[in-house]
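Engineer: Sending over a structure as structure tokens; questions will come in a sec.
Rule-based calculations on the coordinates, nothing more; no lab input. The structure presented is a predicted model; accordingly, all values stated were derived computationally and were not measured. When we count neighbours, we look across all protein chains shown, and the Cβ atoms used for this are built from the backbone with ideal geometry, even at glycine.
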Amino acid sequence: MHAVDYGLIIAYLAILLFLGMRKRLARDSSATDLIVGGRTLTLPAFVASLVSTWYGGILGVGEFSYQHGLSTWLVFGLPYYVAALLFALFLAKKARESEVLTIPERLAQTYGNRTATAGAVIIFLMTVPAAYVLMLGVLCQYLFGWPFWVGIVAGTLFSIVYVYLGGFNSVVRTDLFQFGLMFVGFAVLLVMLVATEGGLPFVESHVPSELLTWHGGNTGWYIATWYFIALATLIEPAFYQRCYAAKTASTARNGIFISIGCWALFDFMTTSCGLYARALIPDLADPVSSYPALAALVLPTGLLGLFALSLLATVMSTVDSYSFLAASTFGRDIVERTFGREGLRSTAMYTRIGLVLSVGLAVVLAIWFRSVVEIWYLFGSIGTPALLAPVFFSHVGRRRLTAASAPVSIALSGGMSLLWYCSQYWTAEGGYWLGLEPIFPGLVISLVIWGLWGKRV
């Protein structure tokens with residue numbers, strides 16, 4: 001990269017700090033101001049924040065599209081559009097009208113504090129931004145030549161400094177800026193690729209034919225599993241937080257509809273770029289770095305820096321959002337629920353402690369796993385069965401778990417999926433017990449408990 005490219009990155013970081021720290025929380029702010037920005041989120045801000053937050057796994061998408069081609073859309077696109085549509089139709093309005101600040105508060109309203117605490121622990125682990133911290137490390141390593149662990153620590157600290165001071169409103173202000181950069185960078189790269197290399201005929205003649213099939217070399221069972229993992233959208237804390245923060249219920253619902261269109265457009269660009277990466281760099285050692293490697297190959301000075309901003313913006317917008325979600329869950333729903341609430345001062349203090357803990361855990365997990373897709377797969381397979389029935393049916397339908405059965409459902413379904421995931425280390429072939437993916441045993445247990453011990457309300 002040229003000095004001009006690095007200059008663009010420095011300018012980006014400076015603007016990010018300015019936006020994030022421009023307005024700190026006032027001393028007389030409430031917990032509502034801290035966690036959901038006083039419920040003033042407008043439609044443009046809702047869309048920009050949700051789209052940029054929920055698409056932080058950009059290098060994971062690059063890894064998968066480089067290895068499996070068009071099936072990326074069937075794994076990371078379509079199932080999540082469907083799940084987001086279900087959220088908009090059945091949950092967005094009810095979430096906004098519930099007037100709570102977090103998912104565990106809704107669980108407490110419906111099932112009591114034991115369920116809320118159990119749910120809060122699961123949500124904390126699901127929102128620890130390990131996959132996105134890993135991607136920051138890879139990006140900093142690739143862009144600046146830093147050691148992997150240095151990139152992780154430096155990138156993460158920069159992503160959370162303004163969140164530490166400004167709370168949810170700082171996240172939204174920076175998301176608006178990063179949303180635009182996401183789309184501009186990938187649009188520039190795709191246009192350049194089509195102009196210099198050609199369109200679909202070039203891709204068809206330069207990638208393995210398997211990458212242009214619906215399965216991309218994966219089994220149908222593996223692809224189907226991601227449709228169940230996508231159900232995590234129905235318990236996705238980022239969705240609920242933005243619905244709780246929306247000005248009105250219609251803002252929440254319409255915002256998700258528009259967001260689905262934005263994700264579909266972005267998926268088209270990212271999957272296309274992944275195929276071009278495979279065509280132009282067929283022997284890439286680390287597929288996680290396929291996008292930055294492709295950009296370095298085809299983009300001139302200035303445009304390379306702009307694309308680097310697109311990658312950084314996509315990842316950092318998710319690191320700050322999920323770090324704040326994990327932090328607020330720790331502060332408000334674990335510590336304060338256990339030891340009692342004392343107002344904004346204690347909420348802010350415990351949230352900041354949670355911010356440090358969540359990013360520390362994220363760094364450890366990122367270094368341990370070194371695979372974005374594996375982190376998504378693990379936490380999606382465990383968290384989804386644990387929370388799906390308690391959270392979804394707290395808003396929808398007339399049949400709900402009882403106060404006694406809800407925490408049991410969370411513990412047993414999540415525990416079973418975790419046990420099933422670990423079974424790959426205990427079998428001679430390295431596969432899961434009975435050949436079943438971990439999410440399914442947990443979902444079965446959750447639905448059986450809901451069916452047998454649920455009650456009409």
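Engineer: Take each uninterrupted DSSP H stretch in the chain, measure its Cα extent along the helix axis, and return the ones at 24 Å or beyond whose mean Kyte-Doolittle hydropathy is at least -1.0.
Structural biologist: Taking the DSSP H segments of the chain (at least 24 Å long, mean hydropathy at least -1.0), we get 3-21, 148-166, 168-197, 249-280, 303-328, 344-369, 372-395, 405-422.
Engineer: Please list, by residue number, every one of the chymotrypsin sites (Phe, Trp or Tyr not before Pro) in the stretch 203-311 that is coil in DSSP and has at most 15 other beta-carbon atoms within 10 Å.
Structural biologist: W214
Engineer: What's the longest bit of the chain with no exposed GluC sites (Glu not before Pro), using DSSP loop states and at most 16 other Cβ atoms within 10 Å as the test?
Structural biologist: Longest gap between qualifying sites, sites excluded: 100-341.
Engineer: So for the stretch 142-200, what percent of the C-alpha to C-alpha distances run longer than 13 Å?
Structural biologist: 73
Engineer: Let me ask something else about it. Write down, largest first, the equivalent ellipsoid semi-axes of the stretch 267-393 in whole Å, where each equals the square root of 5 times an eigenvalue of the alpha-carbon gyration tensor.
Structural biologist: Equivalent ellipsoid of the stretch 267-393: 37, 19, 13 Å, largest first.
Engineer: Mind checking which of A285, S317, L355 is farthest towards the positive end of the stretch 248-363's charge dipole, using Cβ charges of +1 (Lys, Arg) and -1 (Asp, Glu) about the Cα centre?
Structural biologist: The residue sitting most towards the positive pole is L355.
Engineer: Also, I was wondering about something else. Name the trypsin sites (Lys or Arg not before Pro) in the stretch 1-106 that are in a loop by DSSP and that have at most 16 other C-beta atoms within 10 Å, would you?
Structural biologist: Taking the stretch 1-106 and a limit of 16 other Cβ atoms within 10 Å, the loop trypsin sites (Lys or Arg not before Pro) found are R22, K23, R24, R27.
Engineer: Let me ask you something else. Quick one: P(r) of the chain from all Cα-Cα pairs, 10 Å bins, percents rounded to integers, in order of increasing distance.
Structural biologist: 4, 21, 32, 27, 12, 3, 0
Engineer: With the alpha-carbon atoms as the only input, what is the per residue convex hull volume for the stretch 5-88 in Å³?
Structural biologist: 146
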